[in-house]
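Peer 1: Can you keep this structure in mind? I'll have questions shortly.
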Amino acid sequence: MSVSSLAFLIVFVAYILEFIMDYGDIWNALCFRINNKNQNASERDFQIIAETFFEKLGWSQYRHEIITQKTIPIGSTNTVKPDIIIESNGKKLFVVELKKPNISISERNVEQLFSYMRLLRLNIGILLGETLQVYYELPDVNKSPMKINEISYTSDSIDGINLVKLLSKNEYAHEKLNRYCEDNIAKIKCHKISNEYIDLLCSELGQDIIINMMKEKLSTEYSNEIITSIIDEISIRISRKGRASQSFVAQTSGVHLVQKEQHSSNLEHTNINGSMSLDGLISTIGMKAFVKYYDILKNNTMQDIIHHMKLNENYTLNTLRTKASIGKKIFRDNLELKALQIISKSDRVDDATKKDAQRLLTGVI
């Protein structure tokens, strides 16, 4: 290789390395400008910050790639003006809604972004406000776009730098941005399932789960008499790490075991009779409650289920969590049809509830 070729290669590599580092610089610059902005700054000031941000990402206003405050007609009398639309060769790529960082983002701001996404037929929208939020409309799903990431303006944030790179002109590819959104949705679902199972373990039912695991482990070495005597001498309470009482004397991954005679006054006793059957699950959640909240249990998160029940029932928070956890478990284990069949034939529930159970069965079978 000649000296001139080697020199060119060194300069080229240095340029590439400098360019890679720029994504961090661009993100940090955005964080600095937003975090140090005067609280009384106008919306126009924030608009300029956002436009400068996208200019640094390689998009150009004079090339008509950063379209600001474009008037778009709706019907014969109304118009809207999205804050920023990013285009390339006349093709719209994503839309940006702005909200001053010192004002909390409201549901109305989010709905405004959704309306722009639908109007422009875009599946990705960015909301720049007190945080940076990314919304993605799932294909073939008749639901509102989903928030797939929310990033605080923190210097050197990996999430922030990665997103900046994906939104840059040089790196932009719609397939890559879609994959980013779908990967984040997968993480959200994983987190949701984990939290639901943790909630289940932290409920009264969680005690039975741990007891059964202990019984299964002990049964390989000890007789039923010994197992019963061991379990009869302990109580179990499960809590998320960092929330446990300091008085517990033994801890393993957030599971606390104490002798009954020492702490019986402040721990709930476990049921030593083994696993909870479907009948037991139904009994705990309540036949009427299971039928009444069937669709809510089927289609909502733990938090939403608790919220719905709280509006209509006079349950304690612990009871709400237990009923929601057990209801979700019935669906997770695909036992909902069997549960409805049991309820529809039970003589321990009113006729109206039995009829509702039969109606639900007819609708799903």
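The values are calculated or read from the model by the stated rules, or taken from the named source; none is laboratory data. In this text, all values refer to a predicted model and were calculated from it rather than measured experimentally. Because the Cβ atoms are built from the backbone with ideal geometry, glycine has one as well, and the counts that use them run over all protein chains shown.
Peer 1: Look at His174 and say whether it is modelled with pLDDT of 85 or more, within 16 Å of the chain's Cα centre (by Cα) and more than 30 Å from Asp232 (Cβ to Cβ). Spell out the reasoning first.
Peer 2: Details: modelled with pLDDT of 85 or more: yes; within 16 Å of the chain's Cα centre (by Cα): no; more than 30 Å from Asp232 (Cβ to Cβ): yes.
Considered against the rule, which asks whether it is modelled with pLDDT of 85 or more, within 16 Å of the chain's Cα centre (by Cα) and more than 30 Å from Asp232 (Cβ to Cβ), His174 comes out as no.
Peer 1: Here is a follow-up. For segment 59-147, please list each of the strands (runs of 3 or more DSSP E) lying entirely inside it that holds at least 3 residues being closer than 23 Å to Arg33 by Cα and in contact with a strand residue (DSSP E or B) (Cβ under 9 Å, 6 or more places away or on another chain).
Peer 2: Passing ranges, in order: 66-68, 84-88, 91-98, 124-128, 132-136.
Peer 1: So, one more: Only residues that are small (Gly, Ala, Ser) and assigned to a helix (DSSP H, G or I): list them for segment 179-226, please.
Peer 2: Within segment 179-226, Ala186, Ser194, Gly206 qualify.
Peer 1: Which one of the conditions (1) over 19 Å from the mean Cα position of the chain (by Cα); (2) surrounded by fewer than 15 Cβ atoms within 10 Å (Cβ to Cβ); (3) among the basic types (Lys, Arg) does Lys143 fail to meet, given that it meets all the rest?
Peer 2: (1)
Peer 1: Go through segment 323-341 and count every residue that is surrounded by 17 or more Cβ atoms within 10 Å (Cβ to Cβ) and in contact (Cβ under 8 Å) with a residue 60 or more places away in the chain.
Peer 2: Of the residues in segment 323-341, 6 are surrounded by 17 or more Cβ atoms within 10 Å (Cβ to Cβ) and in contact (Cβ under 8 Å) with a residue 60 or more places away in the chain.
Peer 1: Which condition number in (1) modelled with pLDDT under 80; (2) surrounded by fewer than 12 Cβ atoms within 10 Å (Cβ to Cβ) is the one that Asn224 fails?
Peer 2: (1)
Yes/no matrix, rows are residues, columns are (1) aliphatic (A, V, I, L, M); (2) at pLDDT below 90; (3) surrounded by fewer than 20 Cβ atoms within 10 Å (Cβ to Cβ):
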{"residue": "Met287", "(1), (2), (3)": "yes, no, no"}
{"residue": "Leu311", "(1), (2), (3)": "yes, no, yes"}
{"residue": "Asn318", "(1), (2), (3)": "no, yes, yes"}
{"residue": "Arg321", "(1), (2), (3)": "no, yes, no"}
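Peer 1: Identify, from the list Ile198, Ile209, Ile158, Ile193, the residue that is closer than 30 Å to Thr319 by Cβ and surrounded by fewer than 16 Cβ atoms within 10 Å (Cβ to Cβ).
Peer 2: After ruling out the rest, the residue left standing is Ile193.
Peer 1: Considering each residue of segment 23-37, count those that are over 11 Å from Leu57 (Cβ atoms), crowded, with 16+ Cβ neighbours inside 10 Å and within 28 Å of the chain's Cα centre (by Cα), and give that number.
Peer 2: 4
Peer 1: Tell me the residue from Leu98, Leu93, Leu119 that is closer than 20 Å to Ala173 by Cα and of a type outside the set (S, T, N, Q), please.
Peer 2: Residue meeting the stated conditions: Leu93.
Peer 1: Return the total of residues in segment 292-322 being charged (D, E, K, R) and touching a residue at least 60 places away in the same chain (Cβ under 8 Å). Break it down stepwise before answering.
Peer 2: Pass one, segment 292-322, residues charged (D, E, K, R): 292, 295, 298, 304, 310, 313, 321.
Right, trim to touching a residue at least 60 places away in the same chain (Cβ under 8 Å) and you get 292, 321.
Number of matching residues: 2.
Peer 1: Of the residues that sit in segment 106-131 and are within 20 Å of the chain's Cα centre (by Cα), more than 19 Å from Tyr153 (Cα to Cα) and surrounded by fewer than 15 Cβ atoms within 10 Å (Cβ to Cβ), which one is modelled with the lowest pLDDT?
Peer 2: Glu107
Peer 1: Run Val364 past the list (1) surrounded by fewer than 13 Cβ atoms within 10 Å (Cβ to Cβ); (2) at pLDDT 90 or above and report the number of the one that doesn't hold.
Peer 2: Of (1) surrounded by fewer than 13 Cβ atoms within 10 Å (Cβ to Cβ); (2) at pLDDT 90 or above, only one is false for Val364: (2).
Peer 1: Going through segment 148-163 one residue at a time, which ones are touching a strand residue (DSSP E or B) at 6+ places or on another chain (Cβ under 9 Å) and of a type in the set (A, V, I, L, M, F, W, C)?
Peer 2: Selection gives Ile148, Ile151, Leu163.
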